1. Step by step: first the residues of segment A:148-167, then only those that are at the interface with another protein chain (Cβ under 7 Å from one of its Cβ atoms) and either surrounded by 21 or more Cβ atoms within 10 Å (Cβ to Cβ) or in contact (Cβ under 8 Å) with a residue 40 or more places away in the chain (or both), then the one that is farthest from A:ALA284 (Cα to Cα). Which residue is that?
2. For segment A:324-340, does any single residue satisfy the condition of being of a type in the set (Gly, Ala, Ser), part of a strand (DSSP E or B) and under 30 Å from A:PHE128 (Cβ atoms)?
3. Condition test on A:PHE181, is it at the interface with chain B (Cβ under 9 Å from one of its Cβ atoms) and buried (at least 17 other Cβ atoms within 10 Å of the Cβ)?
4. Identify the residue in segment A:66-83 that is of a type in the set (Gly, Ala, Ser) and in a loop (DSSP other than H, G, I, E, B) and, among all such residues, is nearest to A:MET256 (Cα to Cα).
5. Any residue at all in segment A:387-404 that's surrounded by 18 or more Cβ atoms within 10 Å (Cβ to Cβ) and either within 16 Å of the chain's Cα centre (by Cα) or over 30 Å from A:MET239 (Cβ atoms) (or both)?
6. Output the residue which, of all residues in segment A:298-312 that are crowded, with 21+ Cβ neighbours inside 10 Å and of a type in the set (Gly, Ala, Ser), is farthest from the other protein chains (Cβ to nearest Cβ).
Amino acid sequence: MPGPGLARAAAAGPSTLRARLLVLAVSLAAAATGFMLFLQFGSSDGLDGWDILRSLLILLSTFWLAWGAAQGLIGLTTRAEAPALADRPITGKTAILVPVYNEDPVTTFARVAAMDASIAATGTQASFHFAILSDTRNEAVAAREEEWFLRLIADRQAEGRIFYRRRKVNTGKKAGNIEDFITRSGAAYDFALILDADSLMEGATIVEMVRRMEAAPDLGLLQSLPKVINASSRFGRAMQFSASFFSPVFARGLAMMQGRTGPFWGHNAMVRVRAFAESCGLPALRGTPPFGGHILSHDYVEAALLARAGWTVRLDDDLEGSFEEGPENIVDHAKRDRRWCQGNLQHARLVGAPGLKFWSRWVFVQGILAYIAPLFWLAFIIASVFAQIYAPAPDYFPDDNWPFPVFPADETTKAIGLAVGIFGLLLLPKLLIAIDAWASGRAQGFGGGGRATLSTLTELLISSILAPILLAYQSRSVFQVLFGIDGGWPTNNRGDGTLTLAEAWAASGWISVIGLVGLVCVYWLAPGLVLWLLPVVLPMILAPVMVSWSSRDSRSGLMTVPSELAPSPVIGLHVEVLRAWLGDAARAAEPAVAPAGA
Amino acid sequence: MGGGVKHSSEFLRDTSVSQMVERVGALPDAPLAMPTQRLEAEPGARLFGSLARLIGLDRFRADTARRGGN
């Protein structure tokens, strides 16, 4: 545990408090404006319970949208800066942890080989070990893991530097996997770099993270901002572009608000082993899944526990050379999101945990709101239908003493203004980021100002069309969790994610049905709302088409990212190793050709 | 050979691969304690703490805070 002086370092500094207050002020102002506008619109035909309910839902939804938008906007006000450090060699010993669970060992171990080579190029190889921590349940995959581990050791001459352990029982899933390593071998290391199976990091970046950990004795965890690479589908490339183009600015805003109570996203992050060991032993929660049992989204909890113990948890968004791969289709994204949904909602059990910092508790609430917020919109739509059904007939003669008719005020402009405002909250931060990228020159890494702008508009279009489909999946996940249906840990499906129309229908036909039924009901019960709802129900009705279309390879040349125009060296190393290994494997699998005449 | 039954040479190869992996890939033996953290108050402690606060018994309140904190 850090001493009293270091414990003070975990408190929020003045700039952090200013950022939080500014974002809070903007969010409250936007929410209050939305509330008042809708209340005025709703009361044009007399104020009733439906108007008040809808106004409250608008208040909550607008606050949440504005919170995210403001985070992006404050991220534009500063630039990420590397801390000024003395140029001295690193002294600590670091374990690079690669947890795997039924992954393809060739691709995963090729990443380890590439990172090992990248670290070797920095001249600090002696300071790093790799530990491949397998929780693989599939025996055939486990057998391949062993074969390819031996190949990895031979290629990298890495006996004594790269280790492999497969657990017989995967207690506690990934968190338990890491804990098992720490309790067996943690005392041998100062730091541990926690990766995912699809993580890839430059050796120089890893060394820089060690340097930063050594320079800040109060630093318990250092999180990098991973960029998505190797995406080929339209959906994957939109996510990849968003991660490279928008996320750094939003992360900057996040870093400004979180200060020393920063995030842990479970991978591409370095921990101080003793701090982690002393602070982050996770209990199983009382009760059964989905709210009890092992903590699924353990990373947020571990960050909160480190902050509780007085350690700094920091996001350094200036660090480049940190990569991961993402899902190539909406269905794989939804499967992964289901796990995150259950993990985040489970945090409701921990918001009141003893001793946590206020910001850690707020992070749990934010994680829950991220999945509950779509339900506010769903409730708003349903309430709007009922409001139309139960709308009173206009009273043209409200005053018995006035013989002339009084027509109700038309407050439609307020509704339009509110809709424009809400769309503004969604679109404005991204458009401003594009303008800033053009002005600052950052757009060069994305193919130039013009191409980056086109890519921005393309990403906005794709994400707007896919949003109702993604929200449908999220809403279903929430209902599954709330009704106690445990989603567990589906294996991530990394690789070619193209979906045929039949496959897309099997995965998303229910969204089509709900969209069509919803449209028919609204047309029948509240026809005045049909036009307003079309941007939501049309994508839902077309869900299987959109899911299939977005899973196919993109050939437009748009949404280019720096890792494609000027790939980081470790990406090239990974490709080289993979080609060599797959080539050898293909040759080994070829049937022997009998000589002619035999 | 019958379905699902390994040939003896396959079994021997698998065994030798596993043994080699176990020898070459063994993690360093350097145990480090990782105590389980308290994230939930015990139900009895919650009720007890509430009652104690209600009747103003400070020493019980301090004890609950010590058990629930870091």
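1. Residue satisfying both the conditions and the ranking: A:ILE153.
2. Among the residues of segment A:324-340, not one is of a type in the set (Gly, Ala, Ser), part of a strand (DSSP E or B) and under 30 Å from A:PHE128 (Cβ atoms), which makes the answer no.
3. For A:PHE181, the condition - at the interface with chain B (Cβ under 9 Å from one of its Cβ atoms) and buried (at least 17 other Cβ atoms within 10 Å of the Cβ) - is met.
4. Out of the qualifying residues, it is A:ALA80.
5. Yes, segment A:387-404 contains a residue that is surrounded by 18 or more Cβ atoms within 10 Å (Cβ to Cβ) and either within 16 Å of the chain's Cα centre (by Cα) or over 30 Å from A:MET239 (Cβ atoms) (or both).
6. Here the answer is A:ALA303.
Residue-wise test of (1) within 13 Å of another protein chain (Cβ to nearest Cβ); (2) farther than 30 Å from A:SER550 by Cα.
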position	(1), (2)
A:VAL169	no, yes
A:ALA175	yes, yes
A:ASP190	yes, yes
A:MET201	no, no
A:ARG211	no, yes
A:ALA215	no, yes
A:LEU219	no, yes
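Yes/no per residue for (1) more than 29 Å from A:MET270 (Cβ to Cβ); (2) surrounded by 22 or more Cβ atoms within 10 Å (Cβ to Cβ):
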residue	(1), (2)
A:PHE38	yes, yes
A:ALA84	no, no
A:THR91	no, no
A:ASN102	no, no
A:ALA113	no, yes
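The values are calculated or read from the model by the stated rules, or taken from the named source; none is laboratory data. All values derive from a computational prediction rather than experimental measurement. Neighbour counts run over all protein chains shown; Cβ positions are idealised from the backbone, glycine included.
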